[in-house]
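To start, the structure under review is shown below, and the notes come after it.
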Amino acid sequence: MREEIERKYLVRSEGWRALATSARSLRQGYLAKGPGVTVRVRAAAGEGRLTLKSRLSGPSRMEFEYVIPPEEAHALLEGYAGSCLVEKVRHAVPCGERLWEVDVFGGLNEGLILAEIELASVEEPVQLPDWVGREVTEDPRFYNQFLAEQPFGQWPREERERCTLAR
């Protein structure tokens, strides 16, 4: 178990792409959700993970994560997550001494690009690269669980345009 402190931002330009050092495709779905807690299964590059997350406050949550065989992850996604899936390519983007993760969403969430950074404490200051836009950490519409149920591609066009390569 660990406390995860993460801040999330819209991406406003393609400037991060030249800095990316790796990328991996992720497919994830939600098996259970309730007030303040979710159970997620993720399949990526020959591995599976089962994760329980519980929101504490602000950008903090408790996270329990377990490696599971990839075939079990796929079976859980196919058998229990239904059509509520999130597909994305996660890029590692070093910036100074920090590592950002940039998620380029596909499938029903195509067009959405988010940048995340994990912090050691809630008070830790964040130096934003010039390609990072508006913070959406507290906006539940940008939680992967929400995107699985109400995909970005189904949002009103005006709202999608405000979030695409955010201004």
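Just a few scattered comments:
- Verdict on Gly58 being within 17 Å of the chain's Cα centre (by Cα), on the phi > 0 side of the Ramachandran plot and touching a residue at least 60 places away in the same chain (Cβ under 8 Å): yes
- Residue within the range 78-94 that is closer than 27 Å to Thr164 by Cα, more than 14 Å from the chain's Cα centre (by Cα) and modelled with pLDDT of 90 or more present: yes
- Across the range 96-146, the qualifying residues are those that are among the aromatic types (Phe, Trp, Tyr), touching a residue at least 12 places away in the same chain (Cβ under 8 Å) and out of contact with any Leu (no Cβ under 7 Å at 6 or more places or on another chain), and the one among them that is surrounded by the most Cβ atoms within 10 Å (Cβ to Cβ) is Trp100.
The values are calculated or read from the model by the stated rules, or taken from the named source; none is laboratory data. In this text, all values refer to a predicted model and were calculated from it rather than measured experimentally. All Cβ positions, glycine included, derive from the backbone under ideal geometry; neighbour counts span all protein chains shown.
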